[in-house]
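Below is one structure, written out as C-alpha coordinates, with a few remarks after it.
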Amino acid sequence: MKTDVQVAVIGGGIVGASVLYWLAKMGWTDSVLLERRELTSGSTWHAAGNTTYFGPYPKMTALFAGSIRTYLQAEAESGQSVGFHQTGSLRLAATERELALFHAYAPRYAQLGIPFHIRSPEAVAELHPFLDTTAIYGAAHTPTDGHVDPTGATNALAQAARQHGALIERHCPVKALVREAGKWVLDTPKGKVTAGHVVVATSFWAREMLEPLGLRLPLYPTQHHEIITQALPQIAALDRELPAMRDSWVSCNVRQERDGLLIGIYEKAPEFWALDGIPPDFKEELLPPNMDPLMPHLERLMTRMPLFAQAGIKVVNNGPMCLTPDGLPLIGPVPDREGLWLAAGFNVGIGTGGGSAEILARWMTTGQPPQGLSAIHADRFGKGMDRAAALAAIRDVYARGYELPDAI
Ligand SMILES: Cc1cc2nc3c(=O)[nH]c(=O)nc-3n(C[C@H](O)[C@H](O)[C@H](O)COP(=O)(O)OP(=O)(O)OC[C@H]3O[C@@H](n4cnc5c(N)ncnc54)[C@H](O)[C@@H]3O)c2cc1C
(Lines give C-alpha, C1' and ligand atoms only; values in the text may rest on other atoms or scores of the structure.)
Protein backbone atom coordinates (compact mmCIF):
# COMPACT_ATOMS: atom_id res chain seq x y z
CA MET A 1 0.00 0.00 0.00
CA LYS A 2 1.23 3.51 -0.81
CA THR A 3 2.09 5.22 2.48
CA ASP A 4 2.48 8.88 1.47
CA VAL A 5 -0.10 10.56 -0.76
CA GLN A 6 -1.39 14.00 -1.65
CA VAL A 7 -5.00 13.04 -0.85
CA ALA A 8 -6.65 10.22 1.08
CA VAL A 9 -10.39 9.85 0.49
CA ILE A 10 -12.04 7.81 3.24
CA GLY A 11 -15.17 5.89 2.23
CA GLY A 12 -16.00 4.06 -0.98
CA GLY A 13 -19.68 4.82 -1.53
CA ILE A 14 -20.90 6.78 -4.54
CA VAL A 15 -19.67 10.02 -2.95
CA GLY A 16 -16.11 8.91 -2.13
CA ALA A 17 -15.74 7.24 -5.52
CA SER A 18 -16.98 10.42 -7.24
CA VAL A 19 -14.52 12.57 -5.27
CA LEU A 20 -11.61 10.27 -6.15
CA TYR A 21 -12.65 10.31 -9.80
CA TRP A 22 -12.89 14.09 -10.05
CA LEU A 23 -9.64 14.72 -8.16
CA ALA A 24 -7.77 12.36 -10.47
CA LYS A 25 -9.43 13.84 -13.53
CA MET A 26 -8.42 17.33 -12.43
CA GLY A 27 -4.81 16.20 -12.13
CA TRP A 28 -4.55 15.21 -8.46
CA THR A 29 -3.67 11.63 -9.35
CA ASP A 30 -1.59 11.01 -6.22
CA SER A 31 -4.80 10.09 -4.40
CA VAL A 32 -5.93 6.95 -2.64
CA LEU A 33 -9.41 5.88 -1.54
CA LEU A 34 -9.57 3.77 1.64
CA GLU A 35 -12.69 1.65 2.13
CA ARG A 36 -13.33 -0.44 5.23
CA ARG A 37 -15.07 -3.25 3.31
CA GLU A 38 -16.17 -3.38 -0.32
CA LEU A 39 -17.09 -0.35 -2.45
CA THR A 40 -20.80 0.62 -1.95
CA SER A 41 -21.07 -1.27 1.34
CA GLY A 42 -22.77 1.62 3.22
CA SER A 43 -26.05 3.08 1.89
CA THR A 44 -25.09 3.04 -1.77
CA TRP A 45 -25.65 -0.64 -2.60
CA HIS A 46 -29.36 -0.62 -1.65
CA ALA A 47 -30.33 2.82 -3.01
CA ALA A 48 -33.07 3.08 -5.61
CA GLY A 49 -30.76 5.03 -7.91
CA ASN A 50 -33.08 7.94 -8.65
CA THR A 51 -31.15 10.73 -10.33
CA THR A 52 -33.82 13.30 -11.02
CA TYR A 53 -33.10 16.95 -11.68
CA PHE A 54 -35.88 18.57 -9.69
CA GLY A 55 -34.73 19.67 -6.25
CA PRO A 56 -36.24 22.00 -3.65
CA TYR A 57 -33.47 24.58 -4.06
CA PRO A 58 -32.92 25.75 -7.65
CA LYS A 59 -29.44 26.98 -6.66
CA MET A 60 -28.46 23.36 -6.23
CA THR A 61 -29.76 22.11 -9.56
CA ALA A 62 -26.19 22.04 -10.87
CA LEU A 63 -25.41 19.29 -8.35
CA PHE A 64 -28.17 17.09 -9.77
CA ALA A 65 -27.30 17.85 -13.39
CA GLY A 66 -23.60 17.36 -12.72
CA SER A 67 -24.25 13.92 -11.25
CA ILE A 68 -25.78 12.27 -14.31
CA ARG A 69 -23.08 13.93 -16.41
CA THR A 70 -20.38 12.56 -14.10
CA TYR A 71 -21.73 9.00 -14.16
CA LEU A 72 -22.12 8.94 -17.95
CA GLN A 73 -18.63 10.35 -18.35
CA ALA A 74 -17.21 7.65 -16.04
CA GLU A 75 -19.12 5.04 -18.05
CA ALA A 76 -17.65 6.31 -21.32
CA GLU A 77 -14.13 6.35 -19.88
CA SER A 78 -14.25 2.99 -18.11
CA GLY A 79 -16.55 0.91 -20.31
CA GLN A 80 -18.45 -0.07 -17.13
CA SER A 81 -22.20 0.49 -17.46
CA VAL A 82 -23.86 2.81 -14.95
CA GLY A 83 -27.28 1.46 -15.95
CA PHE A 84 -28.77 4.86 -16.78
CA HIS A 85 -32.46 4.78 -17.74
CA GLN A 86 -33.51 8.11 -19.21
CA THR A 87 -37.15 7.92 -18.20
CA GLY A 88 -37.63 11.59 -17.38
CA SER A 89 -39.45 12.55 -14.20
CA LEU A 90 -42.59 14.28 -13.03
CA ARG A 91 -42.83 16.38 -9.89
CA LEU A 92 -46.54 16.64 -9.24
CA ALA A 93 -48.09 19.92 -8.13
CA ALA A 94 -50.44 18.86 -5.34
CA THR A 95 -51.31 22.50 -4.61
CA GLU A 96 -51.56 25.77 -6.50
CA ARG A 97 -48.59 27.06 -4.52
CA GLU A 98 -46.42 24.21 -5.79
CA LEU A 99 -47.40 24.97 -9.36
CA ALA A 100 -46.52 28.66 -8.86
CA LEU A 101 -43.14 27.66 -7.42
CA PHE A 102 -42.43 25.39 -10.38
CA HIS A 103 -42.85 28.44 -12.64
CA ALA A 104 -40.45 30.36 -10.39
CA TYR A 105 -37.89 27.54 -10.67
CA ALA A 106 -37.99 27.39 -14.49
CA PRO A 107 -35.36 30.12 -15.23
CA ARG A 108 -32.68 28.22 -13.33
CA TYR A 109 -33.19 25.17 -15.53
CA ALA A 110 -33.09 27.34 -18.65
CA GLN A 111 -29.84 28.88 -17.41
CA LEU A 112 -28.30 25.41 -17.07
CA GLY A 113 -29.71 24.20 -20.39
CA ILE A 114 -31.85 21.50 -18.75
CA PRO A 115 -35.18 20.77 -20.47
CA PHE A 116 -37.91 21.69 -17.95
CA HIS A 117 -41.62 21.91 -18.77
CA ILE A 118 -44.71 22.73 -16.78
CA ARG A 119 -47.34 20.18 -17.80
CA SER A 120 -51.11 20.36 -17.43
CA PRO A 121 -52.92 17.51 -15.63
CA GLU A 122 -54.04 16.21 -19.05
CA ALA A 123 -50.48 16.16 -20.35
CA VAL A 124 -49.33 14.42 -17.15
CA ALA A 125 -51.94 11.70 -17.73
CA GLU A 126 -50.51 11.11 -21.20
CA LEU A 127 -46.96 10.87 -19.89
CA HIS A 128 -47.97 8.59 -17.01
CA PRO A 129 -51.15 6.65 -17.84
CA PHE A 130 -51.48 5.16 -14.33
CA LEU A 131 -51.78 8.45 -12.47
CA ASP A 132 -55.15 9.80 -11.43
CA THR A 133 -54.59 13.45 -12.24
CA THR A 134 -57.99 14.79 -11.22
CA ALA A 135 -56.69 16.33 -7.97
CA ILE A 136 -53.36 17.73 -9.20
CA TYR A 137 -52.62 21.17 -10.64
CA GLY A 138 -50.02 19.92 -13.10
CA ALA A 139 -46.39 18.86 -12.84
CA ALA A 140 -42.83 19.92 -13.50
CA HIS A 141 -41.43 17.59 -16.15
CA THR A 142 -37.71 17.03 -16.69
CA PRO A 143 -37.51 14.60 -19.61
CA THR A 144 -33.76 13.95 -19.62
CA ASP A 145 -33.20 12.56 -16.11
CA GLY A 146 -34.01 9.11 -14.69
CA HIS A 147 -32.20 6.52 -12.63
CA VAL A 148 -28.85 4.72 -12.50
CA ASP A 149 -27.56 1.51 -10.98
CA PRO A 150 -25.73 2.88 -7.90
CA THR A 151 -23.30 -0.04 -7.71
CA GLY A 152 -22.56 0.09 -11.43
CA ALA A 153 -22.01 3.85 -11.19
CA THR A 154 -19.64 3.50 -8.20
CA ASN A 155 -17.66 0.80 -10.00
CA ALA A 156 -17.45 2.92 -13.16
CA LEU A 157 -16.18 5.90 -11.14
CA ALA A 158 -13.64 3.69 -9.37
CA GLN A 159 -12.44 2.17 -12.62
CA ALA A 160 -12.17 5.55 -14.36
CA ALA A 161 -10.33 7.01 -11.34
CA ARG A 162 -7.83 4.15 -11.49
CA GLN A 163 -7.35 4.78 -15.20
CA HIS A 164 -6.44 8.38 -14.32
CA GLY A 165 -3.83 7.07 -11.87
CA ALA A 166 -5.65 7.06 -8.50
CA LEU A 167 -5.50 4.08 -6.14
CA ILE A 168 -8.16 2.20 -4.17
CA GLU A 169 -7.55 0.10 -1.07
CA ARG A 170 -10.49 -2.09 -0.07
CA HIS A 171 -10.76 -3.83 3.30
CA CYS A 172 -8.79 -0.97 4.77
CA PRO A 173 -10.71 0.71 7.62
CA VAL A 174 -9.27 3.95 8.93
CA LYS A 175 -9.04 3.45 12.69
CA ALA A 176 -7.61 6.85 13.64
CA LEU A 177 -6.89 10.19 12.06
CA VAL A 178 -4.30 12.50 13.63
CA ARG A 179 -2.36 15.60 12.61
CA GLU A 180 1.43 15.21 12.80
CA ALA A 181 4.15 17.50 11.44
CA GLY A 182 1.78 19.39 9.13
CA LYS A 183 0.21 16.28 7.59
CA TRP A 184 -2.64 13.90 8.32
CA VAL A 185 -1.73 10.41 9.47
CA LEU A 186 -4.33 7.68 8.97
CA ASP A 187 -3.99 4.52 10.94
CA THR A 188 -5.20 1.35 9.17
CA PRO A 189 -4.66 -2.40 9.70
CA LYS A 190 -2.50 -2.32 6.54
CA GLY A 191 -0.23 0.37 8.00
CA LYS A 192 -0.11 4.15 8.32
CA VAL A 193 -0.88 6.50 5.43
CA THR A 194 0.34 10.09 5.46
CA ALA A 195 -1.67 12.59 3.42
CA GLY A 196 -1.61 16.31 2.74
CA HIS A 197 -5.40 16.35 2.38
CA VAL A 198 -8.09 14.04 3.73
CA VAL A 199 -11.65 13.87 2.40
CA VAL A 200 -14.09 12.26 4.82
CA ALA A 201 -16.81 10.60 2.73
CA THR A 202 -17.98 8.12 5.34
CA SER A 203 -21.62 9.16 5.52
CA PHE A 204 -23.16 8.34 8.91
CA TRP A 205 -19.80 7.05 10.18
CA ALA A 206 -18.29 10.54 9.87
CA ARG A 207 -19.58 11.92 13.18
CA GLU A 208 -17.91 9.21 15.28
CA MET A 209 -14.80 9.30 13.11
CA LEU A 210 -14.22 13.02 13.74
CA GLU A 211 -15.27 13.19 17.40
CA PRO A 212 -11.68 12.49 18.58
CA LEU A 213 -10.66 15.70 16.74
CA GLY A 214 -13.15 17.68 18.82
CA LEU A 215 -15.69 18.02 15.99
CA ARG A 216 -19.40 17.44 16.47
CA LEU A 217 -20.92 16.90 13.04
CA PRO A 218 -24.72 17.06 13.18
CA LEU A 219 -25.38 14.00 11.04
CA TYR A 220 -27.23 10.85 12.05
CA PRO A 221 -28.63 7.75 10.33
CA THR A 222 -32.38 7.51 9.80
CA GLN A 223 -34.23 4.45 8.59
CA HIS A 224 -35.63 4.74 5.08
CA HIS A 225 -37.92 2.27 3.32
CA GLU A 226 -38.36 1.34 -0.31
CA ILE A 227 -40.98 -1.08 -1.58
CA ILE A 228 -40.71 -3.12 -4.78
CA THR A 229 -43.88 -4.64 -6.20
CA GLN A 230 -44.47 -7.77 -8.22
CA ALA A 231 -44.67 -7.39 -11.98
CA LEU A 232 -47.91 -5.89 -13.28
CA PRO A 233 -49.24 -6.90 -16.72
CA GLN A 234 -50.31 -3.30 -17.40
CA ILE A 235 -46.70 -2.18 -17.01
CA ALA A 236 -45.29 -5.15 -18.91
CA ALA A 237 -47.54 -4.15 -21.83
CA LEU A 238 -46.02 -0.64 -22.10
CA ASP A 239 -43.76 0.15 -25.02
CA ARG A 240 -41.68 2.63 -22.96
CA GLU A 241 -40.54 2.99 -19.36
CA LEU A 242 -42.72 5.14 -17.11
CA PRO A 243 -41.34 8.49 -15.98
CA ALA A 244 -40.37 8.65 -12.31
CA MET A 245 -42.85 10.62 -10.22
CA ARG A 246 -42.62 12.43 -6.90
CA ASP A 247 -45.52 13.79 -4.95
CA SER A 248 -45.62 15.87 -1.77
CA TRP A 249 -49.20 14.75 -0.96
CA VAL A 250 -48.28 11.05 -0.85
CA SER A 251 -44.76 11.95 0.36
CA CYS A 252 -43.17 9.38 -1.89
CA ASN A 253 -41.31 8.77 -5.10
CA VAL A 254 -42.28 6.04 -7.55
CA ARG A 255 -40.42 4.71 -10.53
CA GLN A 256 -40.70 1.65 -12.72
CA GLU A 257 -38.53 -1.30 -11.68
CA ARG A 258 -38.56 -3.95 -14.40
CA ASP A 259 -42.32 -4.60 -14.88
CA GLY A 260 -43.25 -3.45 -11.38
CA LEU A 261 -42.97 -0.31 -9.25
CA LEU A 262 -40.34 0.89 -6.81
CA ILE A 263 -41.63 3.23 -4.14
CA GLY A 264 -39.58 5.30 -1.68
CA ILE A 265 -41.48 6.79 1.25
CA TYR A 266 -40.87 9.72 3.59
CA GLU A 267 -43.11 8.92 6.52
CA LYS A 268 -44.24 11.45 9.13
CA ALA A 269 -42.55 9.81 12.12
CA PRO A 270 -39.16 8.60 10.92
CA GLU A 271 -37.05 6.35 13.09
CA PHE A 272 -33.36 6.76 13.72
CA TRP A 273 -30.87 3.93 13.77
CA ALA A 274 -27.72 3.27 15.82
CA LEU A 275 -27.78 6.64 17.56
CA ASP A 276 -25.25 5.51 20.11
CA GLY A 277 -22.75 4.26 17.59
CA ILE A 278 -22.66 2.32 14.35
CA PRO A 279 -22.11 -1.37 15.21
CA PRO A 280 -18.45 -2.07 14.41
CA ASP A 281 -19.35 -5.28 12.55
CA PHE A 282 -22.06 -3.60 10.40
CA LYS A 283 -21.85 -5.06 6.91
CA GLU A 284 -23.97 -4.72 3.77
CA GLU A 285 -27.10 -5.01 5.88
CA LEU A 286 -30.72 -3.98 5.84
CA LEU A 287 -32.83 -3.26 8.91
CA PRO A 288 -36.11 -4.94 9.91
CA PRO A 289 -38.97 -3.24 8.03
CA ASN A 290 -41.73 -1.42 9.93
CA MET A 291 -44.79 -1.14 7.71
CA ASP A 292 -47.28 0.58 10.05
CA PRO A 293 -45.98 4.16 9.64
CA LEU A 294 -45.93 3.64 5.86
CA MET A 295 -49.59 2.63 5.55
CA PRO A 296 -51.17 6.13 5.38
CA HIS A 297 -48.81 6.94 2.51
CA LEU A 298 -49.50 3.70 0.68
CA GLU A 299 -53.23 4.37 1.01
CA ARG A 300 -52.79 7.80 -0.56
CA LEU A 301 -50.70 6.23 -3.31
CA MET A 302 -53.63 3.95 -4.14
CA THR A 303 -55.68 7.09 -4.74
CA ARG A 304 -53.00 8.82 -6.78
CA MET A 305 -51.99 5.70 -8.70
CA PRO A 306 -54.89 3.21 -8.57
CA LEU A 307 -52.78 0.56 -10.29
CA PHE A 308 -50.72 0.28 -7.11
CA ALA A 309 -53.76 -1.21 -5.33
CA GLN A 310 -53.50 -4.22 -7.65
CA ALA A 311 -49.81 -4.79 -7.01
CA GLY A 312 -48.44 -7.51 -4.78
CA ILE A 313 -45.51 -6.43 -2.67
CA LYS A 314 -42.35 -8.35 -3.51
CA VAL A 315 -39.68 -6.73 -1.33
CA VAL A 316 -39.54 -4.15 1.46
CA ASN A 317 -36.05 -2.74 2.00
CA ASN A 318 -35.31 -0.66 5.07
CA GLY A 319 -31.84 0.84 4.92
CA PRO A 320 -29.90 3.35 6.99
CA MET A 321 -29.60 6.79 5.39
CA CYS A 322 -27.62 9.77 6.63
CA LEU A 323 -29.33 13.09 7.32
CA THR A 324 -28.26 16.54 8.52
CA PRO A 325 -30.57 19.05 10.29
CA ASP A 326 -31.38 20.87 7.03
CA GLY A 327 -31.31 17.81 4.80
CA LEU A 328 -28.34 19.10 2.81
CA PRO A 329 -24.85 17.58 2.66
CA LEU A 330 -21.72 18.95 4.35
CA ILE A 331 -19.21 19.83 1.64
CA GLY A 332 -15.91 21.68 1.86
CA PRO A 333 -13.04 22.39 4.24
CA VAL A 334 -13.32 22.01 8.00
CA PRO A 335 -12.37 25.35 9.59
CA ASP A 336 -9.14 25.37 11.60
CA ARG A 337 -8.20 21.86 10.42
CA GLU A 338 -5.93 22.49 7.47
CA GLY A 339 -6.29 19.91 4.72
CA LEU A 340 -9.39 18.26 6.22
CA TRP A 341 -12.43 18.21 3.89
CA LEU A 342 -15.94 16.84 4.24
CA ALA A 343 -18.16 15.17 1.65
CA ALA A 344 -20.67 13.66 4.05
CA GLY A 345 -24.29 13.85 5.18
CA PHE A 346 -25.85 12.95 1.81
CA ASN A 347 -29.42 11.68 1.76
CA VAL A 348 -29.72 12.09 -2.01
CA GLY A 349 -26.21 10.87 -2.62
CA ILE A 350 -26.90 9.16 -5.92
CA GLY A 351 -28.80 12.18 -7.25
CA THR A 352 -26.21 14.73 -6.08
CA GLY A 353 -22.98 12.82 -5.35
CA GLY A 354 -21.30 13.13 -8.74
CA GLY A 355 -22.01 16.84 -9.13
CA SER A 356 -21.06 17.62 -5.53
CA ALA A 357 -17.77 15.79 -5.96
CA GLU A 358 -16.94 17.85 -9.03
CA ILE A 359 -17.52 21.02 -7.04
CA LEU A 360 -15.46 19.79 -4.09
CA ALA A 361 -12.58 18.64 -6.31
CA ARG A 362 -12.50 22.01 -8.06
CA TRP A 363 -12.52 23.74 -4.66
CA MET A 364 -9.58 21.58 -3.49
CA THR A 365 -7.52 21.89 -6.66
CA THR A 366 -8.06 25.64 -7.20
CA GLY A 367 -8.58 26.86 -3.62
CA GLN A 368 -11.68 28.72 -4.82
CA PRO A 369 -15.02 27.94 -3.12
CA PRO A 370 -18.00 27.55 -5.46
CA GLN A 371 -20.20 30.59 -5.91
CA GLY A 372 -23.71 30.69 -4.45
CA LEU A 373 -23.57 27.36 -2.64
CA SER A 374 -23.09 28.43 0.98
CA ALA A 375 -26.17 26.27 1.78
CA ILE A 376 -23.98 23.17 1.57
CA HIS A 377 -20.77 24.48 3.15
CA ALA A 378 -19.36 22.10 5.74
CA ASP A 379 -18.97 24.89 8.32
CA ARG A 380 -22.57 26.15 8.30
CA PHE A 381 -23.43 24.65 11.69
CA GLY A 382 -20.53 26.41 13.39
CA LYS A 383 -19.09 24.38 16.23
CA GLY A 384 -21.81 21.76 15.92
CA MET A 385 -25.24 21.34 17.34
CA ASP A 386 -26.66 19.95 20.50
CA ARG A 387 -27.70 16.33 19.83
CA ALA A 388 -31.35 16.77 20.83
CA ALA A 389 -31.72 19.84 18.61
CA ALA A 390 -30.05 18.07 15.68
CA LEU A 391 -32.29 15.02 16.02
CA ALA A 392 -35.44 17.16 16.25
CA ALA A 393 -34.45 19.09 13.11
CA ILE A 394 -33.61 15.90 11.21
CA ARG A 395 -36.94 14.33 12.19
CA ASP A 396 -38.67 17.45 10.93
CA VAL A 397 -36.79 17.69 7.66
CA TYR A 398 -37.41 14.00 6.92
CA ALA A 399 -41.12 14.24 7.77
CA ARG A 400 -41.54 17.23 5.45
CA GLY A 401 -40.57 14.90 2.61
CA TYR A 402 -41.21 16.62 -0.71
CA GLU A 403 -42.83 19.77 0.73
CA LEU A 404 -41.21 22.80 -0.87
CA PRO A 405 -39.42 25.35 1.32
CA ASP A 406 -40.66 28.93 1.74
CA ALA A 407 -37.44 30.45 0.44
CA ILE A 408 -35.88 29.10 -2.72
C1 LIG B 1 -33.84 2.55 0.84
C2 LIG B 1 -33.01 3.70 0.32
C3 LIG B 1 -33.22 4.18 -0.96
C4 LIG B 1 -32.47 5.26 -1.44
N5 LIG B 1 -32.71 5.71 -2.71
C6 LIG B 1 -32.00 6.77 -3.17
C7 LIG B 1 -32.23 7.26 -4.50
O8 LIG B 1 -33.06 6.76 -5.23
N9 LIG B 1 -31.48 8.34 -4.92
C10 LIG B 1 -30.55 8.94 -4.10
O11 LIG B 1 -29.93 9.92 -4.52
N12 LIG B 1 -30.32 8.47 -2.86
C13 LIG B 1 -31.00 7.42 -2.39
N14 LIG B 1 -30.76 6.96 -1.12
C15 LIG B 1 -29.70 7.60 -0.33
C16 LIG B 1 -28.32 7.11 -0.81
O17 LIG B 1 -28.26 5.71 -0.62
C18 LIG B 1 -27.21 7.81 -0.03
O19 LIG B 1 -27.41 9.21 -0.03
C20 LIG B 1 -25.85 7.52 -0.65
O21 LIG B 1 -25.67 6.15 -0.92
C22 LIG B 1 -24.75 8.04 0.27
O23 LIG B 1 -23.50 7.74 -0.33
P24 LIG B 1 -22.17 7.94 0.49
O25 LIG B 1 -21.06 7.60 -0.42
O26 LIG B 1 -22.20 9.28 1.14
O27 LIG B 1 -22.28 6.90 1.71
P28 LIG B 1 -22.16 5.31 1.76
O29 LIG B 1 -22.65 4.66 0.55
O30 LIG B 1 -22.79 4.89 3.05
O31 LIG B 1 -20.60 5.09 1.83
C32 LIG B 1 -19.81 5.35 2.95
C33 LIG B 1 -18.66 4.36 2.93
O34 LIG B 1 -17.72 4.70 3.94
C35 LIG B 1 -17.15 3.48 4.38
N36 LIG B 1 -16.51 3.71 5.67
C37 LIG B 1 -17.11 4.02 6.85
N38 LIG B 1 -16.21 4.14 7.82
C39 LIG B 1 -15.00 3.91 7.26
C40 LIG B 1 -13.67 3.88 7.77
N41 LIG B 1 -13.41 4.09 9.07
N42 LIG B 1 -12.65 3.61 6.92
C43 LIG B 1 -12.89 3.37 5.60
N44 LIG B 1 -14.13 3.37 5.08
C45 LIG B 1 -15.18 3.64 5.89
C46 LIG B 1 -18.35 2.55 4.45
O47 LIG B 1 -17.96 1.18 4.49
C48 LIG B 1 -19.11 2.92 3.19
O49 LIG B 1 -18.78 2.12 2.08
C50 LIG B 1 -31.48 5.87 -0.63
C51 LIG B 1 -31.27 5.38 0.67
C52 LIG B 1 -32.02 4.31 1.15
C53 LIG B 1 -31.77 3.82 2.53
Quiz item: Are any residues in the range 364-404 touching a strand residue (DSSP E or B) at 6+ places or on another chain (Cβ under 6 Å) and aromatic (Phe, Trp, Tyr), and if so, which ones?
Solution: 398, 402
Practice problem: Within the range 204-234, track down each residue that is surrounded by fewer than 20 Cβ atoms within 10 Å (Cβ to Cβ) and free of Cβ contacts under 8 Å to residues at least 40 places away in the same chain. | Solution: 211, 212, 214, 231, 233
Quiz item: Does residue 61 satisfy being assigned to a helix (DSSP H, G or I), of a type in the set (Val, Ile, Thr) and surrounded by fewer than 24 Cβ atoms within 10 Å (Cβ to Cβ)?
Solution: yes
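Evaluate the range 324-336: report whether one residue or more is part of a strand (DSSP E or B), closer than 28 Å to residue 5 by Cα, at pLDDT 95 or above and near the ligand (Cβ under 10 Å from one of its atoms). Spell out the reasoning first.
First pass over the range 324-336, keeping only residues part of a strand (DSSP E or B): 330-333.
Filter once more, so that each one left must be closer than 28 Å to residue 5 by Cα: 330-333.
Pick out the ones that are also at pLDDT 95 or above and you get 330-333.
If we keep only those that are near the ligand (Cβ under 10 Å from one of its atoms) as well, we get none.
No: zero hits.
Being within 14 Å of the ligand (Cβ to nearest atom), touching a residue at least 24 places away in the same chain (Cβ under 8 Å) and open to solvent by 10 Å² or more (accessible area, probe 1.4 Å) narrows it down to one residue among 51, 87; which is it?
Working: 51 fails: open to solvent by 10 Å² or more (accessible area, probe 1.4 Å).
Of 51, 87, the one residue that is within 14 Å of the ligand (Cβ to nearest atom), touching a residue at least 24 places away in the same chain (Cβ under 8 Å) and open to solvent by 10 Å² or more (accessible area, probe 1.4 Å) is 87.
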Quiz item: Of all residues in the range 362-385, how many are open to solvent by 30 Å² or more (accessible area, probe 1.4 Å), within 23 Å of residue 221 (Cα to Cα) and out of contact with any Lys or Arg (no Cβ under 9 Å at 6 or more places or on another chain)?
Solution: 4
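Can you work out which of the residues in the range 195-218 that are touching a helix residue (DSSP H, G or I) at 6+ places or on another chain (Cβ under 7 Å) and part of a loop (DSSP other than H, G, I, E, B) is farthest from the ligand (Cβ to nearest atom)?
From the range 195-218, those touching a helix residue (DSSP H, G or I) at 6+ places or on another chain (Cβ under 7 Å) are 197, 199-202, 217-218; that's our starting set.
Filter once more, so that each one left must be part of a loop (DSSP other than H, G, I, E, B): 201-202, 217-218.
Numbers: 201: 6, 202: 4, 217: 13, 218: 16 Å.
The residue in question is 218.
For the range 259-297, enumerate the residues that are basic (Lys, Arg) and either surrounded by 13 or more Cβ atoms within 10 Å (Cβ to Cβ) or in contact with a Cys (Cβ under 8 Å, 6 or more places away or on another chain) (or both). Give the steps one after another, and end with the answer.
If we filter the range 259-297 for residues that are basic (Lys, Arg), which is where we start, we get 268, 283.
The one that is basic (Lys, Arg) and either surrounded by 13 or more Cβ atoms within 10 Å (Cβ to Cβ) or in contact with a Cys (Cβ under 8 Å, 6 or more places away or on another chain) (or both): 268.
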Quiz prompt | Unmet requirement for residue 156, which otherwise passes all of (1) outside any loop (DSSP other than H, G, I, E, B); (2) more than 28 Å from residue 45 (Cα to Cα) | solution = (2)
Exercise. Check the range 14-29 and report whether any residue there is aliphatic (A, V, I, L, M), within 15 Å of the ligand (Cβ to nearest atom), open to solvent by 10 Å² or more (accessible area, probe 1.4 Å) and more than 17 Å from the chain's Cα centre (by Cα).
Key: no
Self-check item: Condition broken by residue 295, with the remaining ones in (1) away from the ligand (no atom under 13 Å from the Cβ); (2) of a type outside the set (Gly, Ala, Ser); (3) under 27 Å from residue 87 (Cβ atoms); (4) in a helix (DSSP H, G or I) satisfied
Solution: (3)
Quiz item: Of all residues in the range 34-45, how many are open to solvent by less than 50 Å² (accessible area, probe 1.4 Å) and either in contact with a Ser or Thr (Cβ under 9 Å, 6 or more places away or on another chain) or more than 15 Å from the ligand (Cβ to nearest atom) (or both)?
Solution: 7
Quiz item: If you scan the range 331-357, which residues turn out to be touching a helix residue (DSSP H, G or I) at 6+ places or on another chain (Cβ under 9 Å) and open to solvent by 20 Å² or more (accessible area, probe 1.4 Å)?
Solution: 333, 337, 341, 346, 347, 348
Quiz item: Here is a list of conditions, (1) in a loop (DSSP other than H, G, I, E, B); (2) near the ligand (Cβ under 9 Å from one of its atoms); (3) open to solvent by 20 Å² or more (accessible area, probe 1.4 Å), and residue 1 meets all of them except one; can you say which number that is?
Solution: (2)
Exercise. May I ask you to list pairs of residues, at least six apart or on different chains, whose Cβ atoms are under 9 Å apart, with the first in the range 338-349 being on the phi > 0 side of the Ramachandran plot and the second being near the ligand (Cβ under 6 Å from one of its atoms) and of a type in the set (S, T, N, Q)?
Key: 345/203
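Restricting to the range 235-245, name every residue that is within 16 Å of the ligand (Cβ to nearest atom) and open to solvent by 30 Å² or more (accessible area, probe 1.4 Å).
At the first step, the residues of the range 235-245 found to be within 16 Å of the ligand (Cβ to nearest atom) are 241-245.
Within the range 235-245, just 241 meets the criteria.
The values are calculated or read from the model by the stated rules, or taken from the named source; none is laboratory data. None of these values were measured; they are calculated from a predicted model. All Cβ positions, even for glycine, are placed from backbone atoms using ideal geometry, and neighbour counts span all protein chains on display. For the accessible areas, the whole protein counts, side chains as well, though only heavy atoms, and no ligand, DNA or RNA atoms are used. Shrake-Rupley method; radii C 1.70, N 1.55, O 1.52, S 1.80 Å.
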